[in-house]
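Peer 1: I'd like to ask some things about the structure below.
The values are calculated or read from the model by the stated rules, or taken from the named source; none is laboratory data. All of these numbers come straight from a predicted model, not from anything done at the bench. Counting neighbours? That spans all protein chains shown, and the Cβs are built from the backbone with ideal geometry, glycine included. Side chains are part of the model used for accessible areas, which takes the heavy atoms of the whole protein and leaves out ligands, DNA and RNA. Shrake-Rupley method; radii C 1.70, N 1.55, O 1.52, S 1.80 Å.
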Amino acid sequence: MHSQLVVSLSGIGPQTLDRCADLAAALDPRQVPLSLLVAPRELGRAQEWVRHRTSLGDAVVLHGLGQRRLPAYEAGLLLMGARLQMDAIGLSADTFAPRRCVASPGTLIALAKHKFSRCADAHAVREVGSGLATLGRLHALTERTSFGELRSLALVYAAARSARRGGLTRITVDARDLHRPGARQAVLDAVDIALAHDAAPTTYVRLPSPRLASAA
């Protein structure tokens, strides 16, 4: 069973725009699209780049609401506000990724109410309406205070192990980490080893439904 590969990028904004563009340019020859985790209030002049990337095949995913105990009513208000901001800058998204990779039960209720189709959390990509999930742990460079060679190797080995097993391989990077020596190369090495194990690049938006996967 071949793996599918999703690479996501968060922390997109004016101060990180050059790093975002550099990573995207490195992934283009590999034919690996990005899932762009967008917080509309933080985009600023980066919104133009996001629109350009979507025209090339990247996917926009709404990013936010990281509180573990956020109630449904409050989550709904925040989602409505974020969608209005997205509409104002000419972007749209029906897939959601929570900050800190955890969505509260209230957030999941609000996502269903506001017609989001998917939620990508730390352990799976979930269909909001049915609750069905495509399992796949998120592999990330997360520790900004202690980044080093061992952390790079850990990301590469995790991607290799996941791709070898089949299913869903997920690599995520925060653009704010890309200034650290070796971070960009670690992400590219992880992508390359997943591709070497025949992982098929996709995005959260184009990921096949768990129903289709089970039928196959």
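Peer 1: Given a Förster distance of 22 Å, report the FRET efficiency between LEU153 and ASP192 from their Cβ-Cβ distance, rounded to the nearest 0.05. Working shown, then result.
Peer 2: Working: r = 14 Å, r/R0 = 0.63.
With R0 = 22 Å, the Cβ-Cβ based efficiency is 0.95.
Peer 1: Pairs of Cα atoms under 8 Å, at least six residues apart: use those to get the relative contact order of the chain, whole percent.
Peer 2: 29 percent
Peer 1: If I compute solvent accessible area with a 1.4 Å probe over the protein chains, what percent of it on the chain is carbon and sulfur? Write down the numbers at each step before the final one.
Peer 2: Details: 5720 of 10720 Å².
Heavy-atom surface of the chain belonging to carbon and sulfur, 1.4 Å probe: 53 percent.
Peer 1: Let me ask something else about it. What does the extension gain come out to for ASP94 and SER209, with contour length at 0.36 nm per residue minus their alpha carbon separation?
Peer 2: Working: separation 115, 0.36 × 115 = 41.40 nm, distance 1.43 nm.
Between ASP94 and SER209, full extension yields 40.0 nm more.
Peer 1: Something else now. So if I place +1 on the C-beta of Lys and Arg and -1 on the C-beta of Asp and Glu, and nothing else carries charge, what would the dipole magnitude of the chain be about its Cα centre? I want it in debye, nearest 20.
Peer 2: 520 debye
Peer 1: Find the accessible area per residue for the range 84-190; the probe is 1.4 Å, ligands and nucleic acids are left out, and the unit is Å².
Peer 2: Here the residues of the range 84-190 average 50 Å² of exposed surface.
Peer 1: Per residue, how much accessible surface does the range 1-71 expose to a 1.4 Å probe? Answer in Å², no decimals.
Peer 2: 47 Å²
Peer 1: Suppose R0 equals 25 Å. What FRET efficiency, 1/(1 + (r/R0)^6) with r the Cβ-Cβ distance, do ALA133 and ARG45 give to the nearest 0.05? Show your work: numbers first, answer last.
Peer 2: Details: r = 36 Å, r/R0 = 1.44.
So, using R0 = 25 Å, E works out to roughly 0.10.
Peer 1: Moving on. Taking amide hydrogens as modeled 1.01 Å from N in the peptide plane, which residues meet the under 5 Å criterion relative to ASP174, leaving out close sequence neighbours?
Peer 2: It is SER10, LEU141, by chain and number.
Peer 1: How many nm is it between the label spots at TYR73 and CYS101, if each spot is 7 Å from the Cα in line with the beta carbon?
Peer 2: 3.3 nm
Peer 1: Something else: How would TYR73, TYR157 line up by accessible area, probe 1.4 Å, largest first?
Peer 2: The most accessible residue leads, giving TYR73, TYR157.
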